[in-house]
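Notes follow once the structure below has been shown.
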Amino acid sequence: MKLTNATSKSLIFLDKNFTKKEEIFKYLTHEMFEQGKIESEEDFLRAIHERERESVTGLKNGLAIPHGKSNTVKEACFAILRTNEVVSDYKSLNPTNEVRLIFLLAIPSAEAGTTHLEILSALSTKLANSNYRTELMNAKSVDEIYALLNQEEKEQSSGTSESDKSDNKELILGITACAAGIAHTYMAAEALRKAAQKREIRVHIEKQGAKGIEDRISSKDVNEANVIIYAHDVALKDLNRFKGLPSIDIPVADPIKNADKVLDEALEKSEGYIPGSKATVADDEGFEKEKSIGTEIKDSVLTGISYIIPIIIAGGMIGAIAVIITQLFGLQGMLKTESSWLFQLKTLGGNMLGTLMVPVLSAYMAYSIGDKPALGPGFAGGLAANMINSGFLGGMLGGLLAGFLIKWMKKNIKSEGVFSGFITFWIYPVVGSLIIGILMLFVVGKPVAWINTALVNMLNGMAGTSAILLGAVIGAMVSFDLGGPVNKAAYAFCLGAMANGNFVPYCIFASVKMVSAFSVSGACYLRKDLFKPEEREIGNQTWILGLAGITEGAIPFAMSDPIRVIGSFIAGSIVTGGIVSYFNIGLNVPGAGIFSMLLLKGEIGSFMGAVICLGAALIGALISTVLLIVTRKQKLGKSLTRV
């Protein structure tokens, strides 16, 4: 974009005698207010300070680019202020930076991901040039500054000073994302950051997790980068930012296992690439590399599950809260009265699980394959699945059909020229939804509904040995990869069973989630001499995570000796799953760990159910603990006399 379109000569201030950051913010905010760019000085200052708390906005070479995103901003703009002296309290990414030139951006909230990035991109591109920065610092008048902003990119010198070259180490970008958007996302990012820090490699990792996009990669980063690492189990967002940049595509667990190996692979991929020259990269090296059908289906399922987790937890807990209030205060009569607030609260929770869950699953599975145009047909497929009682399986089928249909339509029905809007906003959603609706309601949906009913009947009819076998299989899958694809497959099965009214599989899942964490703590506590200090540090904490049903805390422990450790976890988990399944204990509120024990269902009663589930988890953890100690002794070649 042209920078002069976002500022004016009246927003450029040279050689002011400010030495404090707050003085500059107040001064520029007042000037923007006086010129009608913002409605409230107080609100905009608050937005600036919120951004400052997130991370520093001082850069290097005397520059700082603070900004505020707020509804009080009438139109996107920026102001420039140059000081006579260094701003003494302005913190920067480069600790030695002495800020004298400040660009303050004011962005309407609605334009935070568009105009904001455009201005930053244009500024970053110009300011990366050392000759251009020197001209800004030495400009004698506002007119000179304005002329420099208006200068076309081709007129600028392309030279780079020696001081800049000394800072130009390779830059590796990364994006991490897992199905739940919590543990693996952040662990993979941290592993890459630490490995890069040890090797003095610059790295910027964007996390696409449960909170949305965090530490978003900017256009400046892309222009400086040598390569990008996609570490994910679900579909990533906004990859068009990195078109042409060398990339590697790996599961999110790979950096956790061996971050150095991932960095080596990334650096090898970047050989011969000059940062900023994205046109030199072959088309098949970018992010748009075609996935196999199997990979697309796997990513689609995991993406759908990641989007329904908040709905499942919120709906389940709202319904549970209504039931708990009823029991505590004896409001059973009110709960049966349709006009009462208690009935409506429980209905809200039930509808989130019973009505909303499957369409959201279907829609975001479709989104993973066909992007935004697939959302409408995806929702249509999920609603159709609800209508014909095909449940979780029908929703997954509807999502896959919608995703691949829209992907085909986008490839063969181009949205270009004068008909672009018509095709994008009418053909794709309307025709796509109609086709998916017909397929689900009258063609493929009915057989899936029959399969779904048969599965429900089979699960409901399980007892004795068959029930124990089911519990053992789920238990083994939960602990096989501690939150990885096999664990998520078990999770999907248990959610599907819950959606169909069978709550036992999810109770098995919730109970087994405690086993690995408890056993790591137990082994490290009982035999400190067998484990390294860093392993004991992990073991001292995992039991707390286990209480919340988080298995991922045991991953670093398992990585040092995966066969023995994972084998020990699986053995205990099989026992736990078999016990819970045998006693036919159910859980209809998504969650895990000890906090779910108050909401159990079954013929033996909620209290006895909680005792059995917790006892089963402890028995399984005890078995795994003993095996961890035995196998560690075996590894170290020590005597088994103390076991």
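The values are calculated or read from the model by the stated rules, or taken from the named source; none is laboratory data. This one's a predicted model, so the numbers in the text were calculated from it and none came from an experiment. Glycine also receives a Cβ, built like all others from the backbone with ideal geometry; neighbour counts cover every protein chain displayed. Please note that ligands, DNA and RNA were not included when accessible areas were found on the heavy atoms of the full protein model with its side chains. Shrake-Rupley method; radii C 1.70, N 1.55, O 1.52, S 1.80 Å.
Highest-first packing order for the peptide set 349-356, 245-252 is 245-252, 349-356, based on the mean count of other beta carbon atoms within 10 Å.
Think of a 1.4 Å ball rolled over the protein heavy atoms: the range 171-270 then has 40 Å² of accessible area per residue.
With N the number of residues in the range 171-270, Rg(Cα) / (2.2 N^0.38 Å) evaluates to 0.94. Take the Cα of LYS91, step 7 Å toward its Cβ, do the same at GLU537, and the gap between the two points is 2.3 nm. Segment ILE604..GLU338, full-extension length gain: 92.8 nm, with 0.36 nm per residue of separation and the alpha-carbon distance subtracted. Taking other residues whose beta carbon is less than 15 angstrom from the beta carbon of ASN138, and scoring Lys, Arg as +1 and Asp, Glu as -1, yields 0. Pairwise inverse Cα distances across the range 294-456, averaged and inverted, put the Kirkwood hydrodynamic radius at 16.9 Å. Given a 1.4 Å probe and every protein chain left where it sits, what share in percent of the accessible area of the range 294-456 is carbon and sulfur? Exposed carbon and sulfur together represent 73 percent of the surface.
Screening the chain for whole DSSP H helices with an alpha carbon extent of at least 27 angstrom along the helix axis and a mean Kyte-Doolittle hydropathy of at least 1.0 yields 293-329, 562-582, 606-636.
So what is the calculated 222 nm ellipticity per residue for the chain, using -39500 (n - 2.57) for each DSSP H run with n of 4 or more, over all residues, to the nearest 500 deg cm²/dmol? Could you put the intermediate results ahead of the total?
Numbers: 25 runs with 353 residues, N = 643.
Rounded to the nearest 500, it is -17500 deg cm²/dmol.
The Cα trace of the range 465-641 gives Rg and Dmax of 15.6, 51 Å, the first to one decimal, the second as a whole number. Relative to the current alpha-carbon distance between MET387 and TRP426, full extension at 0.36 nm per residue lengthens the span by 11.6 nm.
Each Cα pair under 8 Å and six or more residues apart adds its sequence gap; the mean of these over the residue count of the chain is a relative contact order of 8 percent. Pairs of lysines in the range 294-456 whose Cα atoms sit within less than 22 Å of one another amount to 9, provided the residues are eight or more positions apart or on different chains. Averaged over its residues, the range 495-593 has an accessible area of 33 Å² per residue, based on protein heavy atoms and a 1.4 Å probe.
For ALA489, the shell of other residues with beta-carbons less than 13 Å away shows a net charge of 0, using +1 for Lys and Arg and -1 for Asp and Glu.
Which net charge results for the neighbourhood of ILE406, defined as the other residues with beta-carbon distances under 13 angstrom from its beta-carbon, given Lys and Arg at +1 and Asp and Glu at -1? Every neighbour counted, the sum reads +2. Between GLN327 and ILE451, the FRET efficiency estimated from the beta carbon spacing at R0 = 35 angstrom works out to 0.40. Too long at a 25 Å Cα-Cα cut-off: which of LYS20/LYS140; LYS69/LYS169; LYS9/LYS91; LYS16/LYS91? Those over the limit are LYS69/LYS169; LYS9/LYS91. Share of carbon and sulfur in the accessible area of the range 171-270 stands at 47%, probe radius 1.4 Å. In whole percents, the pair-distance distribution calculated for the chain from its alpha-carbon pairs, binned every 10 Å from zero, is 3, 13, 20, 21, 20, 14, 7, 2, 0. Sorting the segments 516-526, 11-21, 617-627 by their residues' average number of neighbouring beta-carbon atoms within 10 angstrom, most packed first, yields 516-526, 617-627, 11-21.
Put a dot 7 Å past the Cα of LYS257, heading toward its Cβ, do the same for GLU271, and the two dots end up 2.3 nm apart. Taking amide hydrogens as placed 1.01 Å from N in the peptide plane, the amide H of PHE13 sits under 5 Å from those of ILE80, LEU81, ARG82, each at least 5 positions away in sequence or on another chain. Each principal axis of the Cα atoms in the range 546-629 has its own extent, and those three values, largest first, are 42, 20, 14 angstrom.
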